[in-house]
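Worksheet for the structure shown next.
The values are calculated or read from the model by the stated rules, or taken from the named source; none is laboratory data. Nothing here was measured: the structure is a model prediction, and the numbers come from that model. Neighbour counts are summed over all protein chains in view; Cβ atoms, including those assigned to glycine, are modelled from backbone coordinates with ideal geometry. Ligands, DNA and RNA are excluded from the accessible area calculation, which covers all protein heavy atoms including side chains. Shrake-Rupley method; radii C 1.70, N 1.55, O 1.52, S 1.80 Å.
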Amino acid sequence: MKITSTAICGSDLHLLDGYVPTMQKGDVMGHEFMGEVVEVGSGVDRDKLRVGDRVVVPFPIGCGACSACQNELWSCCENTNPNAGVAEKMFGHPVAGIYGYSHLTGGFAGGQAEYARVVLADVNPLKIESDLSDEQVLFLSDILPTGYMGAEMCDIADGDVVAVWGAGPVRQFAMDSARVLGAAKVIAIDDVPYRLEMAASQGYETIHYSDTDVRSALLELTGGRGPDKCIDAVGMEATHGAAHVDLYDRVKQAVRSETDRPHALRQAITSCRSGGIVSVIGVYGGFIDKFPAGAWMNRSLTLRTGQCHVQRYMGPLLDRIERGEIDPTRVITHRLPLAEAPHGYHIFKNKADGCEKVVLKP
Amino acid sequence: MRFEPAPGRRGTAVYVTLRYVMPGGALGKAAAKYFGEEPSQQLDDDLRRFKQVIEVGEVIRSDGAPRGKQARQEFPQHPARPLSDEEPKEVMA
Ligand SMILES: NC(=O)c1ccc[n+]([C@@H]2O[C@H](COP(=O)([O-])OP(=O)(O)OC[C@H]3O[C@@H](n4cnc5c(N)ncnc54)[C@H](O)[C@@H]3O)[C@@H](O)[C@H]2O)c1
Ligand SMILES: [Zn+2]
Ligand SMILES: [Zn+2]
């Protein structure tokens, strides 16, 4: 396909910062992309996909036939990762192939490019037949379904209070989804002021974690019980308000005796009300230290997680966009030509220039 | 080879028993493993590709692993970028 729009994701930062093993020089990155079909392989069913179709590509590659895909666990597809052996050593069982996301997930060239080869093209891409703009549908490739799945895993009941760690673009969508699913109050936790302002402008409560004791602030907001549901949308590169704790994990991560810095996850587990659900959509790649197993076990918490099963959500979320219930364009702060991608990465990583989400145009 | 129903009737499990003599004893075995040519590794490759062909109808190939699942010469791979016009011959050799 010829790519018309592509985006930079928080997951790309984990690759850029060197926390995901098996990246190689010359790899093409990018797993959020859409565009126009310019050539169709001989094995593709012409009733499903033709030259000229406009499509959004989900980041996990599904085969549609294995037991995982049939159960809509697309990111755990048993067939699409040719490097299943390495993934198995790392994770115990292999995971699906993913575009532009290291060789651990298959070594597929990504979509921050002019063209991309889409694998099993009659199973995965979503055809866009209405006149919605690229920006309205691009995020169906990843962050909108991911945010939605983060909220869905919380089994939100009417009146629930939901707290979300990380005010990146994924989190913004997790909050919008939590509200759509019936949460009474949604609380955003981050330390980047403009990102918290973006959340506040949508009517969400905010907590700045470097100036506040997050657990106490959450108790204040929930009548002393803690949030019913907690979403970790930060992942392995969390920073910590208390310098000594941050240093402990940074040192362990630097010497590779711990691969991930799980501050947000620890805090979500200790803050959640007893019997609540902690939903993890921030990405972890390896091993963590000081997992609060006691809080988790003794207070009957449920931990749920996964790389998003994007294919499961694309159709229903497209309907919601068409009905105007969710506006994905609200997170876009920068539109740049593909050639300026390095600058895009720089401002997104360093939270500079008010950057929330960068869309690249080849 | 044995074909048996998988637990809960979820598909068919395929078992392969292979008897072989590895030249070079323990050292030979270690060397073969290092190069991804230990029979169990090759069998793992074959069985995964077999599952792909049966379930999906083709062997799944990526830019990094154009030959599909293969323990031999697994890393470093071809970078995850499209192969040049000359490369397919080389890589598939
Ligand atoms: N599960 C999936 O399928 C999936 C898909 C896409 C992205 N992700 C992951 O979601 C996460 C967020 O992605 P993004 O694009 O929004 O990235 P991002 O880097 O823009 O957002 C992360 C945010 O977390 C904040 N943060 C850091 N430490 C924190 C802490 N201790 N407490 C609270 N907030 C903290 C940062 O200030 C930042 O605003 C990443 O880990 C990404 O890999 C997962
Ligand atoms: Zn992403
Ligand atoms: Zn599958």
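Just one of the listed residues (A:Asp190, A:Asp142, A:Asp134) is in contact with a helix residue (DSSP H, G or I) (Cβ under 7 Å, 6 or more places away or on another chain) and at pLDDT 95 or above, namely A:Asp142.
Go through (1) more than 13 Å from chain B (Cβ to nearest Cβ); (2) within 16 Å of ligand 3 (Cβ to nearest atom) and name the single condition A:Arg50 misses. A:Arg50 satisfies all of (1) more than 13 Å from chain B (Cβ to nearest Cβ); (2) within 16 Å of ligand 3 (Cβ to nearest atom) except (2). With respect to being at negative phi and facing chain B (nearest Cβ under 9 Å), A:Cys76 falls outside the description. Would you say A:Val162 is of a type in the set (A, V, I, L, M), within 16 Å of ligand 1 (Cβ to nearest atom) and not in a loop (DSSP other than H, G, I, E, B)? Answer is yes for this residue. Examine segment A:192-212 for a residue that is open to solvent by less than 60 Å² (accessible area, probe 1.4 Å), within 12 Å of A:Cys230 (Cα to Cα) and touching a Gly at 6+ places or on another chain (Cβ under 8 Å), and state whether such a residue exists. No, there is no match, as no residue in segment A:192-212 is open to solvent by less than 60 Å² (accessible area, probe 1.4 Å), within 12 Å of A:Cys230 (Cα to Cα) and touching a Gly at 6+ places or on another chain (Cβ under 8 Å). When segment A:60-85 is filtered for residues that are farther than 16 Å from B:Gly64 by Cβ, within 16 Å of ligand 2 (Cβ to nearest atom) and hydrophobic (A, V, I, L, M, F, W, C), only A:Trp74 remains. In segment A:50-67, of all residues being among the aliphatic types (A, V, I, L, M) and open to solvent by 10 Å² or more (accessible area, probe 1.4 Å), the one that is nearest to ligand 1 (Cβ to nearest atom) corresponds to A:Ala65. For segment A:91-113, the set of residues classified as more than 11 Å from chain B (Cβ to nearest Cβ) and away from ligand 1 (no atom under 16 Å from the Cβ) consists of A:Gly92, A:His93, listed by residue number. Restricting the search to helices (runs of 4 or more DSSP H) fully inside chain B and requiring at least 2 residues that are under 24 Å from A:Val118 (Cβ atoms) and β-branched (Val, Ile, Thr) gives B:39-56.
For every residue, the table says whether it meets (1) within 14 Å of ligand 1 (Cβ to nearest atom); (2) within 14 Å of another protein chain (Cβ to nearest Cβ); (3) closer than 16 Å to A:Ala233 by Cβ; (4) open to solvent by 10 Å² or more (accessible area, probe 1.4 Å).
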| position | (1), (2), (3), (4) |
| --- | --- |
| A:Asp122 | no, yes, no, yes |
| A:Ser130 | no, no, no, yes |
| A:Leu140 | yes, no, no, no |
| A:Ile156 | no, no, yes, yes |
| A:Ala174 | yes, no, yes, no |
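List the residue pairs whose Cβ atoms are under 8 Å apart, where the first residue sits in segment B:67-90 and is within 10 Å of chain A (Cβ to nearest Cβ), the second is modelled with pLDDT under 85 and outside any loop (DSSP other than H, G, I, E, B), and the two are 6 or more positions apart or on different chains. Partner pairs satisfying both residue conditions: B:Arg67/B:Val91; B:Arg67/B:Met92; B:His78/B:Glu87; B:His78/B:Val91; B:Leu83/B:Val91. Taking first residues from segment B:49-63 that are at negative phi and partners that are in a loop (DSSP other than H, G, I, E, B) and of a type in the set (Ser, Thr, Tyr), the Cβ contacts under 6 Å between residues at least 6 apart in sequence or on separate chains come to B:Ile60/A:Thr80.
Modelled with pLDDT of 95 or more, more than 20 Å from the chain's Cα centre (by Cα), acidic (Asp, Glu) and more than 16 Å from ligand 2 (Cβ to nearest atom): is that true of A:Glu88 in this structure? Spelling it out, it is not the case that A:Glu88 is modelled with pLDDT of 95 or more, more than 20 Å from the chain's Cα centre (by Cα), acidic (Asp, Glu) and more than 16 Å from ligand 2 (Cβ to nearest atom).
Looking across segment A:11-50, the residues that are within 27 Å of A:Pro328 (Cβ to Cβ) and aliphatic (A, V, I, L, M) come down to A:Leu13, A:Leu15, A:Leu16, A:Val20, A:Val28, A:Met29, A:Met34, A:Val37, A:Val38, A:Leu49. Look at segment A:5-24: where a residue is more than 20 Å from A:Gly306 (Cβ to Cβ) and a partner is open to solvent by 20 Å² or more (accessible area, probe 1.4 Å) and β-branched (Val, Ile, Thr), sitting 6+ places away or on another chain with Cβ atoms under 7 Å, you get A:Thr22/A:Val86. The residues on offer are A:Glu72, A:Glu32, A:Glu78, and the sole one that is closer than 23 Å to A:Ala121 by Cβ, within 13 Å of ligand 3 (Cβ to nearest atom) and in contact (Cβ under 8 Å) with a residue 24 or more places away in the chain is A:Glu72. Exactly one residue out of A:Glu72, A:Glu32 is within 16 Å of ligand 1 (Cβ to nearest atom), charged (D, E, K, R), in contact with a His (Cβ under 8 Å, 6 or more places away or on another chain) and closer than 24 Å to A:Leu317 by Cβ, and it is A:Glu72. Taken over segment A:213-236, residues that are open to solvent by 50 Å² or more (accessible area, probe 1.4 Å) and within 16 Å of ligand 2 (Cβ to nearest atom) amount to 0.
Inside segment A:327-362, residues that are assigned to a loop (DSSP other than H, G, I, E, B) and open to solvent by 10 Å² or more (accessible area, probe 1.4 Å) make up a count of 9. Given the criteria near ligand 3 (Cβ under 8 Å from one of its atoms) and either touching a strand residue (DSSP E or B) at 6+ places or on another chain (Cβ under 9 Å) or within 15 Å of A:Pro125 (Cβ to Cβ) (or both), does A:Ala96 qualify? Spelling it out, A:Ala96 is indeed near ligand 3 (Cβ under 8 Å from one of its atoms) and either touching a strand residue (DSSP E or B) at 6+ places or on another chain (Cβ under 9 Å) or within 15 Å of A:Pro125 (Cβ to Cβ) (or both).
A single member of A:Leu16, A:Leu49 is hydrophobic (A, V, I, L, M, F, W, C), more than 16 Å from ligand 2 (Cβ to nearest atom) and assigned by TED's automatic domain parsing to the domain that holds A:Gln112, and it is A:Leu49.
The helices (runs of 4 or more DSSP H) found entirely in segment A:1-118 that carry 1 or more residues being of a type in the set (Lys, Arg) are A:84-91.
Being touching a Leu at 6+ places or on another chain (Cβ under 7 Å) and away from ligand 1 (no atom under 15 Å from the Cβ): is that true of A:Ala116 here? Taking the combined requirement at face value, the residue does not satisfy it.
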